[in-house]
Amino acid sequence: MIIVLRTKLEKTLERCMDKNAIEADFESKNKKIEDDLIKATDEERKAKAAELEEELENQKKNEDPEEDWVKIDEQMEEWEKNKQQENEDFLEENPDKPDLEAMIQEEKDKLQEMHEADEARLEEFIAFVKEKNVQVVEQTSDVSAEFVFIKLIDILKKRIRYRHDLVEREQAQPLKVKEVKFYECSYTYKPSKFGVNSPLSPYNPIKTKDFAVLYRERIYYLANHEEQEKFLLEPSKFTKNVESCPNDLLIKPRVSVIGLPKCGKTTLCERIALKTGAIHLNMEDIIESYIRRDAIYAFNLRVRTMMQGQSFGDDDLVKLLHRRLQ
């Protein structure tokens, strides 16, 4: 079995796109441009100052009038103003300036291209494994991980629970009603050791061939569709090391459970009936069902118990139980 988790493009973008990293990269690029500009400005400032000082020295050597000497502070201040405006214009109009929206869109395009390529490879892989008869379970993972886990556990529950019968399950196949006769007439396939009785309810034979299953060259006749589904899930559980029981005997086994009040008689009988398919006969239920019948014996019981207030005698209880068993 292969489990395939799928996500929509929107969820892939939400999970894979790191906007904080993109913003950090954007800030880093901006800072680099500004740092390079500051470094270049410092170098130009030093060059301008050296130029003005050299010009001043030349003026002093040439004995120019003092009023014509270069005023370094004033010219440097004017240069700083012009340079600042020039730098602002450069930062505003720089074609290499990073664009945050463009960077985000570029990352989206990359992820979309990757998502489409992965989907194509996944479809090709699924088609390949299905040709090999490998079961593929697809589950969307657009929701939380906890919900995906619960869904997968629900999907895989039968496979995990009945994993010991993986091979045996492949040997069992349901038969259509019209196919049963063909397999019964075959020399290869024969009825199982249970005969026409169901291996799931041997104590309550229904004897129908509408829900037959072919398993390891033997035909098993299940009582209903529910039993057929159970048998197909765990065929070995109901066939291996399980003895068949002659359910067609005229003498049917009967078990009496007795004990003190509130010792668990009813509970034990209910569990035995649930486990074996036996019929649970409760004296209170028998009395309740017979005392309301339209018969002379029932009428006499009603008069004695409900009108006269008398209690049931042992003979009456034995008679009622005998009638119910018949």
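Condition test on Leu320, is it out of contact with any strand residue (DSSP E or B) (no Cβ under 9 Å at 6 or more places or on another chain) and either modelled with pLDDT under 75 or in a helix (DSSP H, G or I) (or both)? So Leu320 passes the test. Quick check on the range 79-92. Is at least one of its residues over 30 Å from Glu55 (Cβ atoms), among the hydrophobic types (A, V, I, L, M, F, W, C) and modelled with pLDDT under 90? There is at least one residue in the range 79-92 that is over 30 Å from Glu55 (Cβ atoms), among the hydrophobic types (A, V, I, L, M, F, W, C) and modelled with pLDDT under 90.
For the range 126-136, the count of residues that are modelled with pLDDT under 90 and in contact with a helix residue (DSSP H, G or I) (Cβ under 6 Å, 6 or more places away or on another chain) is at least one. Before we move on, is Lys110 surrounded by 11 or more Cβ atoms within 10 Å (Cβ to Cβ), more than 30 Å from Glu44 (Cα to Cα) and modelled with pLDDT of 90 or more? The answer is yes for Lys110. Per this entry, Asn241 is counted among residues that are at pLDDT below 70, exposed (fewer than 14 other Cβ atoms within 10 Å of the Cβ) and of a type outside the set (D, E, K, R). Filter the range 188-229 down to the residues that are of a type in the set (D, E, K, R), within 34 Å of the chain's Cα centre (by Cα) and surrounded by fewer than 16 Cβ atoms within 10 Å (Cβ to Cβ) and list them by number. Of everything in the range 188-229, those that are of a type in the set (D, E, K, R), within 34 Å of the chain's Cα centre (by Cα) and surrounded by fewer than 16 Cβ atoms within 10 Å (Cβ to Cβ) turn out to be Arg216, Glu226, Glu229. Taking each residue of the range 261-285 that is surrounded by 12 or more Cβ atoms within 10 Å (Cβ to Cβ) and at pLDDT 75 or above and looking for partners that are part of a helix (DSSP H, G or I) and charged (D, E, K, R) with beta-carbon atoms closer than 8 Å, six or more apart or interchain, yields His280/Glu270; Leu281/Arg324. Residues being assigned to a helix (DSSP H, G or I), surrounded by 11 or more Cβ atoms within 10 Å (Cβ to Cβ), touching a residue at least 12 places away in the same chain (Cβ under 8 Å) and of a type in the set (Ser, Thr, Tyr) are entirely absent from the range 158-177. The residues listed here are Glu146, Glu138, Glu101, Glu93; of these, the one that is over 23 Å from the mean Cα position of the chain (by Cα) and either farther than 22 Å from Asp18 by Cβ or assigned by TED's automatic domain parsing to the domain that holds Leu233 (or both) is Glu93.
With respect to the conditions (1) exposed (fewer than 13 other Cβ atoms within 10 Å of the Cβ); (2) outside the structural domain of Lys230 (by TED's automatic domain parsing), Phe182 falls short on a single one, namely (2).
The values are calculated or read from the model by the stated rules, or taken from the named source; none is laboratory data. Note that the coordinates shown come from a computational prediction; the quantities given were computed from them, not determined experimentally. We place every Cβ from the backbone using ideal geometry, glycine too, and count neighbours over all the protein chains shown.
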